[in-house]
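Participant: Below you'll find the structure I mean.
Quick note: the coordinates plus some simple rules give every number you see, no bench work behind them. The structure presented is a predicted model; accordingly, all values stated were derived computationally and were not measured. So basically every Cβ, Gly included, is an ideal-geometry build from the backbone, and we count neighbours across all protein chains shown.
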Amino acid sequence: VTLRCSFEEQKMNEKMVWYKQKPGQAPQNVGSLIANIKIFSPEFEKSKIKLERTSNSISLIIPNTTKHDEGTYFCGFSLINTVQFSTGTFLTVTDDSQPNILVLQTPVSSSVPSGEAVNLQCTVLSEIRSAELRVFWIRSAAGSSFPEIIFTHHNSSSSSSSSSSNNSSSSSNNSSRQCEINSVYNFSKIIGNDNDTGIFYCAVQTCGRIIIGNGTTVNLGELSFKPIANSE
């Protein structure tokens with residue numbers, strides 16, 4: 001698999017870096033590239049990972065991907081004592097011998113006025129009972145170094161609902177048809193300002209792997225006022 005990151009041409013003279021992060025773990029430095037000099041961190045020195053550079057992009061090439069390669073990858077460029085990162089890329093490695101799981105998110109994007117809630121839905125099609133799945137939501141925000149887990153659903157074999165202290169709520173409704181289980185997870189969050197926006201991902205963890213949804217882009221919108229007819 002090839003992960004590509006584009007930059008403005010003037011940024012390409014800076015030190016370019018790639019980081020990898022597994023859920024619940026600290027980010028790992030994969031490697032960096034200064035001019036044509038490639039430096040890999042000790043954890044990745046013996047791997048076959050490659051770094052390639054063009055006039056306006058840097059690519060991370062992972063040949064023969066395995067489950068060990070799963071995680072979120074970030075590219076960025078170093079400025080003195082800081083690193084400016086791009087939005088992360090989730091890499092999931094599938095295994096034909098494992099149960100099939102499909103994660104679908106709606107809507108694709110949403111514009112929400114300040115103080116109102118965004119309502120997201122995640123549909124999980126799986127051969128595994130929902131009680132055996134860990135379903136959670138991740139937010140990747142511009143200007144933030146790494147994504148954060150903002151809500152985790154507490155599954156059970158029957159319908160359930162819960163709420164969290166960060167103005168989020170969820171519900172799970174499960175139905176079984178033959179060997180396929182269709183579970184719908186709803187997530188709601190109050191959008192107060194730009195710090196609450198970003199790309200929201202529904203993620204499912206099971207059997208040692210994580211399946212990520214297509215993501216929903218949430219932006220801060222404006223209130224729309226409808227004129228009220230004055231009848232006299």
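Participant: Of K38/K67; K20/K48; K15/K67; K15/K38; K22/K67; K15/K48, which sit over 18 Å apart, Cα to Cα?
Facilitator: K38/K67; K15/K67; K15/K48
Participant: Considering only F7, T87, I37, whose Cα is most displaced toward the positive end of the charge dipole of region 2-91, charges sitting on Cβ of Lys, Arg (+1) and Asp, Glu (-1)?
Facilitator: The residue sitting most towards the positive pole is I37.
Participant: Going by Cα centres, region 36-115 and region 186-207 are how many Å apart?
Facilitator: Cα centroid to Cα centroid, the span is 19 Å.
Participant: Oh, and also: Give, as a single signed number, the net charge of other residues whose beta carbon lies under 15 Å from the beta carbon of Q105, with Lys and Arg counted +1 and Asp and Glu -1.
Facilitator: Result for the neighbourhood of Q105: +2.
Participant: Where does each of C5, C122 land when they are ranked from fewest to most other beta-carbon atoms within 10 angstrom?
Facilitator: Working: C5 20, C122 27.
With the fewest neighbours first, C5, C122 line up as C5, C122.
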